[in-house]
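The values are calculated or read from the model by the stated rules, or taken from the named source; none is laboratory data. As the structure is a prediction and not an experimental result, all values here were calculated from the model. Using ideal geometry, Cβ is built from the backbone for each residue, glycine included, and neighbour counts are taken over all protein chains shown. Just the protein is used for accessible areas: all its heavy atoms, side chains included, with ligands, DNA and RNA removed. Shrake-Rupley method; radii C 1.70, N 1.55, O 1.52, S 1.80 Å.
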Amino acid sequence: MGALPKIDARRFLQRGQTADASSLIMPGGARMTSLSLDQTASAAVGAIKRTNFRWWIVVMLFVVTSVNYADRAVLAITGPVLSKELGINAAQMGFIFSAFGWSYVLGQLPGGWLLDRFGTRVVYALSIFVWSLVTILQGFVGFFAGATAVAVLFALRFAVGFAEAPSFPGNSRTVAAWFPRQERATAAAIFNSAQYFATVIFAPIMGWITQSAGWPWAFGFMGGLGIVVSAIWLKVVRAPAIHPLVNDAEREYIAEGGGLVNMDSPAPAAASAKDGAKWDYIRQMFANRMMVGIFIGQFCINALTYFFITWFPVYLVKERGLSILKAGFIASVPAICGFAGGILGGLISDWLLKRGYSLSVARKTPIVMGMLLSMSMVACNYTDQVPVVVFFMALAFFGKGIGALGWAVMSDCAPKEITGLAGGVFNMCGNISSITTPIIIGYIVQTTGSFNGALVFVAANGLIAAISYLLVVGEIKRMELRK
């Protein structure tokens, strides 16, 4: 038999032609059956070298989230100097810290709806630009003093929170669109670990700027950086279905693993917006035991997060007697451990999944173990040695990083019709703790004159998160909405 001619079987199938036993007659009378044609098509697809642009997308998410958390933390780094200059006490600082949380929570449902309606790319870029601009404006609060300064700073922090509201639902939508199930925990862990990286990189920088140039310049530096990042985001990010740097092999790989590759292409986006506006879907999520358990867990996990990005630098200065510059550098040590734990938690989860464990076991194991480890911060109440304090805080932050897989879980279980809105509800519930945690800690410190009770309060949240995932969540799977 002579050599078979080359056939673009994949294109042949895409034209919708029927391939039965008599559809292709080869030289020498040989027939290519539908089975052999399918095999040829599979081989043709397999021969295409798959691009891996999805990992550049997660790098972009990492950069944006780093700036996001650094902008949240500017006030924590500059807080000791700023509060002294403007005459703001600890209770007032607690309320100012909480301003971000109030608006961030209120903005989650509108932010999720906007993402479903207009797509991640445009909404997220606008979000980055606005919160960065308002961050710059916080540097001008020094023109006020006393109650006026408190009110203006509260208002500006409130604006930052509202502008940042679409950020993490946008991250979740992006991961759900760009990554197959077996890679989602790693992808989510990478962007989520940016919160620790932000402290590692930017806390020393902001501490140095505050000490050498004054606290207003720290706000100006971070805000300007964010505006640059918003332009880069618009240049780099597209939906996987239409991205020019992604080939069909990568799209098929993502789709076969459950990735929602068409999420932000024009037609699906319109359909998603229509469904996403239905409030009954939100009611269904709050009636679902799995979702409620996940919401509780995220609330408690975020309580640990907001302790570290609001009161932790203040704790180092006021409780441990460090300078603002030293506090900025020392705060980066637990953050490095949190970053390592965050990456490790995602890798462990995806490794368990690839080894054949169920999705529930793969996601819950790092979360529960990490939350229990985070409780080690209570040991800081029993030592006066700063190196020992740093060790236990680093250990607690490492555990918190391992257990911070809530967004990976959401990518697995969010209803596909309302991925943005579901992410908004999840983030809204989780970030209620951004309101309560700073206020509660502020009052504990104000009334007791010590952070001992505050550390017990934060550690208790780690315990509740572990219990919620163990006893409330049940099986983790994608939630199906009733139409």
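A few comments on the model shown:
- Counting only residues that are in a loop (DSSP other than H, G, I, E, B) and open to solvent by less than 100 Å² (accessible area, probe 1.4 Å), region 461-483 holds 7 of them.
- Failed item, numbered, when Ala189 is tested on (1) within 29 Å of Phe144 (Cβ to Cβ); (2) open to solvent by less than 20 Å² (accessible area, probe 1.4 Å): (1)
- Within region 240-258, residues that are under 19 Å from Thr419 (Cβ atoms) have Cβ atoms under 7 Å from residues that are among the β-branched types (Val, Ile, Thr) and outside any loop (DSSP other than H, G, I, E, B) in these pairs: Pro240/Ile254, counting only partners at least 6 apart in sequence or on another chain.
- Subset of region 354-364 (residues that are farther than 25 Å from Ser66 by Cα and either not basic (Lys, Arg) or not in a loop (DSSP other than H, G, I, E, B) (or both)): Lys354, Gly356, Tyr357, Ser358, Leu359, Ser360, Val361, Ala362, Lys364
- Scanning region 443-459 for residues that are open to solvent by less than 80 Å² (accessible area, probe 1.4 Å) and either of a type in the set (Phe, Trp, Tyr) or in contact (Cβ under 8 Å) with a residue 12 or more places away in the chain (or both) yields a count of 11.
- Some residue of region 376-396 being part of a helix (DSSP H, G or I) and closer than 26 Å to Arg289 by Cα: no
- Region 174-185: number of residues that are assigned to a helix (DSSP H, G or I) and over 15 Å from Gly406 (Cβ atoms): 6
- First in region 352-371 and over 18 Å from Gly401 (Cα atoms), second anywhere and assigned to a loop (DSSP other than H, G, I, E, B), Cβ under 7 Å, 6 or more apart: Leu359/Ile476; Leu359/Lys477; Ser360/Glu475; Ser360/Ile476
- Restricting attention to region 449-483, the residues that are at positive phi and in contact with a Leu (Cβ under 6 Å, 6 or more places away or on another chain) total 0.
- Of the residues making up region 437-474, those that are more than 22 Å from the chain's Cα centre (by Cα) and not aliphatic (A, V, I, L, M) number 12.
- Residue in region 432-442 that is crowded, with 24+ Cβ neighbours inside 10 Å, over 30 Å from Gln92 (Cβ atoms) and not hydrophobic (A, V, I, L, M, F, W, C) present: no
- Residue count, region 346-382 (criterion: within 25 Å of Tyr315 (Cβ to Cβ) and surrounded by 19 or more Cβ atoms within 10 Å (Cβ to Cβ)): 8
- Test for Ala396: is it over 20 Å from Phe168 (Cα atoms), open to solvent by 20 Å² or more (accessible area, probe 1.4 Å) and either of a type in the set (A, V, I, L, M) or out of contact with any helix residue (DSSP H, G or I) (no Cβ under 9 Å at 6 or more places or on another chain) (or both): no
- Residue list for region 313-353, restricted to those being among the charged types (D, E, K, R), touching a helix residue (DSSP H, G or I) at 6+ places or on another chain (Cβ under 6 Å) and assigned to a helix (DSSP H, G or I): Asp350
- Residue match in region 160-168 (condition: open to solvent by 20 Å² or more (accessible area, probe 1.4 Å) and modelled with pLDDT of 85 or more): yes
- Residue check for Ser332: surrounded by fewer than 24 Cβ atoms within 10 Å (Cβ to Cβ), closer than 21 Å to Ile190 by Cβ and touching a residue at least 12 places away in the same chain (Cβ under 8 Å): yes
Here's the yes/no breakdown for (1) of a type in the set (Gly, Ala, Ser); (2) touching a residue at least 40 places away in the same chain (Cβ under 8 Å):
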{"site": "Pro387", "(1), (2)": "no, no"}
{"site": "Val390", "(1), (2)": "no, yes"}
{"site": "Leu395", "(1), (2)": "no, yes"}
{"site": "Lys400", "(1), (2)": "no, yes"}
{"site": "Gly406", "(1), (2)": "yes, yes"}
{"site": "Val409", "(1), (2)": "no, yes"}
{"site": "Glu417", "(1), (2)": "no, yes"}
{"site": "Met428", "(1), (2)": "no, yes"}
